[in-house]
1. Using Cα springs under 10 Å in a Gaussian network model of the chain, which residue among 146, 107, 156 shows the largest mean-square fluctuation?
2. Take the alpha carbon gyration tensor of the stretch 85-168, find the square roots of its eigenvalues, order them as a ≥ b ≥ c, and report rounded if a/c is under 1.5; if not, report prolate when a/b exceeds b/c, else oblate.
3. Going highest first, how would you order 58-70, 1-13 by mean Cβ packing within 10 Å?
4. Can you classify the stretch 28-71 as rounded, prolate or oblate using the Cα gyration tensor, where a ≥ b ≥ c are the square roots of its eigenvalues, rounded means a/c under 1.5, and otherwise it's prolate if a/b beats b/c and oblate if not?
5. Rounded to whole Hz and in sequence order, give me ³J(HN,Hα) for the stretch 81-87 from the Karplus expression 6.51 cos²θ - 1.76 cosθ + 1.60, θ = phi - 60°, writing x for Gly and Pro.
6. Which value at 222 nm does the chain reach when only helices count, each DSSP H run of 4 or more adding -39,500 (n - 2.57), with the total divided by all residues and rounded to the nearest 500 deg cm²/dmol?
7. Among 149, 133, 42, determine the one that fluctuates most according to a GNM of the chain built with springs between C-alpha atoms less than 10 Å apart.
8. Assigning unit charges at the beta carbon (Lys, Arg +1; Asp, Glu -1) and nothing else, what dipole magnitude in debye, to the nearest 20, does the chain show about its Cα centre?
Amino acid sequence: SKLWDLTVEAAPTWVLALDADEVLETRAVAELPHLLAQTRCDLITFPVYHFWGDLRHYRVDHWWHPSRGRTACLHRYQPNRSYHWPSRALHSGRFPQEAYLTPRLSSSLRLLHFGYADRTTHRAKYQRYLTLDPQGNYCPLVHYQSILDSHPQLKSWVGEDMEALLWK
């Protein structure tokens, strides 16, 4: 909520909330102005592509499939609304609770998540989640366990060159 407080001090019209290991695909440059201009919805969701083990494959099995994993990353800020954050140790959301009650729009822009692209970090991420949420109160334990799946279902990425996108 500290980042939220700092952000709203600037009186934004929209708030784009991305994690440090996420980017929107480059066509966002052309499409975001259209999303921001629409007036029907105040929350915009994106399909998440979880790159797994490298920058050429993304995960498509049960918990990780892009069509099942839409994430709200863009919210129209309403300065007269009272906002509240849930009290959670983990997975508290990108926006205050009230943002998720507003009308939402599903964008086809792809959110690219690189947090699992380095296979050597999987065990540490799994351990971190279990330390913060040992009972699976914020996310099912089976989802945490799937991080360690030795044979996840992957699909080859078709689209822009990830190395060029990230390192240019």
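1. In the Gaussian network model the winner is 156.
2. Oblate, since a/c reaches 1.5 and b/c is not below a/b.
3. On the way: 58-70: 17.3, 1-13: 10.5.
Descending packing order for the listed peptides: 58-70, 1-13.
4. Since a/c reaches 1.5 but b/c is at least a/b, the shape of the stretch 28-71 is classed as oblate.
5. Per-residue couplings from phi come out as 8, 8, 10, 9, 9, x, 8 Hz.
6. Working: 5 runs with 41 residues, N = 168.
For the chain, the value works out to -6500 deg cm²/dmol.
7. Top of the fluctuation ranking is 149.
8. Dipole magnitude for the chain comes out near 320 debye.
Throughout, read-outs are computed from the coordinates displayed, never taken from laboratory work. As the structure is a computational prediction, the values presented were derived from the model and not from experiment. Methodologically, a virtual Cβ is constructed for each residue, glycine included, from the backbone with ideal geometry; neighbour enumeration extends over all protein chains shown.
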